[in-house]
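A short worksheet on the structure shown next.
The values are calculated or read from the model by the stated rules, or taken from the named source; none is laboratory data. Worth saying up front: this structure is predicted, and the values here are computed from it rather than measured. With ideal geometry, Cβ positions are generated from the backbone for all residues, glycine too; neighbour counts draw on all protein chains shown. Protein only, heavy atoms only, side chains kept; ligands, DNA and RNA dropped before computing areas. Shrake-Rupley method; radii C 1.70, N 1.55, O 1.52, S 1.80 Å.
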Amino acid sequence: MGLDTSVQINGIHFKNPVLPASGTFGFGREMADIWDIRALGGIVSKGLTPLPREGNASPRVAESASGLLNSVGLQNPGIEAFIRHELPFMLSLGIPVVANAAGHCVEDYVILCQKLDPTGISAIELNLSCPNVRSGCMSIGTDPEQVREVVRAARAATAKPLWVKLTPNVTHVDEIAVAAQDAGADAVCLINTLLGMQIDIRTRRPLLANNTGGLSGPAVKPIAVRMVYEVAHAVRIPVIGIGGIQSAEDAIEFLMAGATAVQVGSANLIKPTACKDIIENIEKYLQENEISEIRDLIGVARRWEQA
């Protein structure tokens, strides 16, 4: 039986729905030494800022039960160095490239979109989990009005498809997603990490030098699936599911919840071939269940009807 694992997002063809999540795959160079990453559906860059960033002080990564806490702090070479030195390699892979843009104010996102607009990338992913330095450092993505402001400004600065990466640290993520959609987003990606903390009982200090960090990994998956399900029923634009995906079964669960594609994060740090294995095992699942097109799985999950 011929299998069609491809999906379409904003007119972009992805040969399969598996992409690495920003910050867990670098720019692909290291992974390319281990396996042929051209098998990916697409590739997402590290979070990019207008100027280079060294990131936060160490320790900035710590293991937790069924998860990972990180406060790396958007370490990256800056947008100019990315375009000159990293993007040519990513484009040479022959798969869609998504650039993750991160900022602390509207102007940062406008600069990034303007710089990325003339390049060969396929889409821009706006990371709205950064603190807004002009609003008391509250995360931009927790306020629908700030989300609208950033997305509108970014929309005016580029013709590229805009994917908006949503924070889960809100009460009603569907309202944030609708705000992004109404302001011009072409897709939403969720979830980003959950704010967490862990304390060393011997030193009586947090394990992270930044005190708190983002929790990712298997521990967050049920929350992520629930939020993807809610948002997929609230918006008209595609949803990309993220959060704790370790296996093909996890990825398929997100598709059934309504995601058109998925991003694999922490699993890449545990097993460099995680994305490769997930892609291969999705194909096995389709074959075993006599499903010819992966698109037939998107959004098929149904609620239990209570008597």
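Considering helices alone, the calculated mean residue ellipticity of the chain at 222 nm is -8000 deg cm²/dmol, with DSSP H runs of length four and up weighted by -39500 (n - 2.57) and normalised per residue. The region of the chain that goes longest without hitting one of the trypsin sites (Lys or Arg not before Pro) in a DSSP loop, each with at most 13 other Cβ atoms within 10 Å, is 1-133. Which one of Y229, L68, I121 has its Cα pushed farthest toward the positive end of the charge dipole of the chain, where Lys and Arg give +1 and Asp and Glu give -1 at the Cβ? Of the options given, the answer is L68. Based on the Stokes-Einstein relation at 25 °C and a viscosity of 0.890 mPa s, and on the Kirkwood radius from alpha carbon pairs, the chain is assigned a translational diffusion coefficient of 126 µm²/s. Using 0.36 nm per residue and subtracting the Cα-Cα separation, the extra length available between D33 and I199 on full extension is 56.1 nm.
In this label model, D117 and T171 are separated by 3.8 nm, measuring between points 7 Å along each Cα→Cβ vector.
Taking every protein chain into account, the accessible area of the chain amounts to 45 square angstrom per residue (probe 1.4 Å). The distance between label points at T212 and E290 comes to 5.2 nm (points 7 Å beyond Cα on the Cα→Cβ vector).
Report the Stokes-Einstein translational diffusion coefficient (µm² s⁻¹, integer) for the range 4-75, Rh taken as the Kirkwood radius over Cα pairs, at 37 °C with viscosity 0.692 mPa s.
The calculation lands on 227 µm²/s.
Here the accessible area of the chain is 50 percent carbon and sulfur, with a 1.4 angstrom probe and all protein chains present.
For C113, the accessible surface of its heavy atoms amounts to roughly 0 Å² (probe 1.4 Å, protein chains only, rounded to the nearest 10). Measuring between alpha carbons in the structure, the pairs from K160/K221; K15/K271; K165/K221; K115/K276; K15/K115 lying more than 20 angstrom apart are K160/K221; K15/K271; K115/K276; K15/K115.
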